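Below is one structure, written out as C-alpha cells; the observations come after it.
The values are calculated or read from the model by the stated rules, or taken from the named source; none is laboratory data. From a predicted model like this one, the values you see are computed outputs, not experimental measurements. Positions of Cβ are generated from backbone atoms using ideal geometry, with glycine treated the same way; all protein chains shown enter the neighbour counts. Just so you know, the surface numbers come from the protein's heavy atoms only, side chains and all, with ligands and any DNA or RNA stripped out. Shrake-Rupley method; radii C 1.70, N 1.55, O 1.52, S 1.80 Å.
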Amino acid sequence: MTSATTAHSVVEPSATTRRFAGSLVVLYAIITMIPLVWIMLTAFKSPDDAISYPPKVLFKPSLEGFCNLFTTRSRQTPEFIRSLGPPQGMCDSIARDRNMVVAGPSNYVPRFVNSLIIAFGSTVLAVALGTLSAYGFSRFRVPLKDDLLFFILSTRMMPPIAVAIPIYLMYRTIGLSDTRLGMILLYTSVNVSLAVWLLKGFIDEIPREYEEAAMIDGYTRFQAFVKVVLPQATTGIAATAIFCLIFAWNEYAFAVLLTSGNAQTAPPFIPIIIGEGGQDWPAVAAGTTLFLVPIVVFTVLLRKHLLRGITFGAVRK
C-alpha cells in the first residue's frame with residue numbers, strides 16, 4: 001500500500017448511455033407535448049371536426065372556436081337574419097352561417113383579467129413576504145426556528161378540500177367571498193410557505209461577509225438587505241416567483257368554491273363554455289390555448305433565472 005493519495009476518478013458516461021438518455025428525454029418531451037398540441041389543434045377546428053370519430057388530424061382551419069369564446073350567440077330565423085343587413089365582422093359572418101347572430105361579448109375577457117390580477121397580485125405578495133421571512137430565518141437566531149419552519153411547510157401538506165369549507169364560511173362572514181382581494185390573500189397564504197423554504201436556501205448561500213462589510217461602511221441592516229442581499233438573491237426570487245405564479249394561475253378548487261361572478265377566474269369558467277347542443281370544444285380549446293400564453297411568456301422571460309435557481313447551491317466550493 002503506497003503513501004500516495006489518489007483522487008477519485010469521475011466516470012464519464014459512454015456515448016451509448018448518452019444517446020439512450022437523450023432519447024428518453026426526447027420521448028418524454030414528445031409525450032408531454034401531445035395533449036398541448038392536440039388542444040391547440042382543436043382550437044382551430046369547427047365544432048363538427050372537434051367531435052368527429054375517428055379524430056381528424058388534417059382539417060380545414062376555422063376561427064369559429066375563438067369567435068364562440070369571445071361572443072355569445074342566439075339562434076334566429078333566416079328572415080330575421082336577412083333583415084339585419086351585411087355581417088358586421090368575421091364572427092358575425094360565422095354565426096350567420098349557422099343561422100345565429102352575435103348577441104354580445106362573453107365573460108371570458110373579464111375572467112381572464114381576474115386571473116391576471118389575482119395570480120400576479122398574490123405572487124408579488126407571496127414573494128415579498130417570503131423574502132423577508134426567509135432573510136429573518138437565515139440571518140437571525142429565531143427561537144424554535146426548525147419547528148417554525150416545519151410548521152410553515154406543513155401548511156402545504158393539507159389538501160385544499162380539507163380547509164375549503166371553513167375558509168368558505170369565514171369568507172362569507174367577513175365579506176371576502178367572490179372578491180379579488182379575498183382570492184389574492186388566500187393564494188398568498190398558500191404560497192408563502194413555498195416561498196419561505198425556497199428563498200431561505202438561496203439566502204443561506206449568500207455570504208454574511210457581504211452584509212457585514214456594507215454595515216461597516218455605514219449601511220443599516222435594511223439598506224444592506226436591499227442593496228446587497230436582494231441583488232444576490234435575484235435568481236432565487238425569479239425562480240420562486242415562477243413556481244408561485246404557476247400555482248395561483250392554475251388553482252381550481254378554491255376558485256370554484258369561493259367565486260361565482262365578480263372574481264371568478266378563467267379555470268372554473270373555461271370548462272362550462274356551452275355551445276348549441278352541448279360542450280363547445282373548439283371554444284374550450286381556444287380558451288385553454290390563450291390561457292397558457294401569459295404563464296409561458298413569464299416563464300420564458302425568466303428562464304435563465306429559473307435554470308440557475310434550480311441548480312443554485314448544488315455545488316459548494
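Over all distinct Cα-Cα pairs of the chain, the Kirkwood formula returns a hydrodynamic radius of 23.9 Å.
Work out the FRET efficiency for residue 93 and residue 40 from their Cβ-Cβ distance, taking R0 = 25 Å, and round it to the nearest 0.05. The pair residue 93/residue 40 has a calculated efficiency of 0.60.
Distance between the C-alpha centres of the range 127-175 and the range 13-88: 40 Å, rounded to the whole angstrom. Isolated cysteines in the chain, defined as those with no second cysteine Cβ under 4.7 Å, comprise 244. Label point of residue 117 set 7 angstrom out along Cα-Cβ; within the range 249-275, amide nitrogens under 12 Å from it belong to 262-265. The helix-based estimate of mean residue ellipticity at 222 nm for the chain, built from -39,500 (n - 2.57) per DSSP H run of four or more residues and divided by its residue count, is -20500 deg cm²/dmol to the nearest 500. Label sites at residue 25 and residue 205, each approximated as a point 7 angstrom past Cα along Cα to Cβ, lie 1.9 nm apart.
Using Cα pairs under 8 angstrom and six or more residues apart, how large is the relative contact order of the chain, in percent?
26 percent
Indicate the gyration tensor shape class of the range 95-194 (rounded, prolate or oblate), computed on the Cα atoms with a ≥ b ≥ c the square roots of the eigenvalues: a/c under 1.5 is rounded; otherwise a/b larger than b/c is prolate and the rest oblate. Don't skip to the answer; put the middle values down first.
Working: a/c = 3.37, a/b = 2.39, b/c = 1.41.
Cα axes put the range 95-194 in the prolate bin.
Subtracting the Cα-Cα distance of residue 220 and residue 129 from 0.36 nm times their residue separation leaves 30.8 nm of extension gain. Per residue, the solvent-accessible area of the chain (1.4 Å probe, heavy atoms of protein chains only, all protein chains present) comes to 61 Å². Which of the helices in the chain meet the span-like rule: DSSP H, Cα axial reach of 27 Å or more, Kyte-Doolittle mean at least 0.0? Length and hydropathy pass: 15-43, 108-139, 180-204, 281-301. Take 20-27, 102-109, 237-244 and order them by the average number of nearby Cβ atoms within 10 Å per residue, most first; the result is 237-244, 102-109, 20-27.
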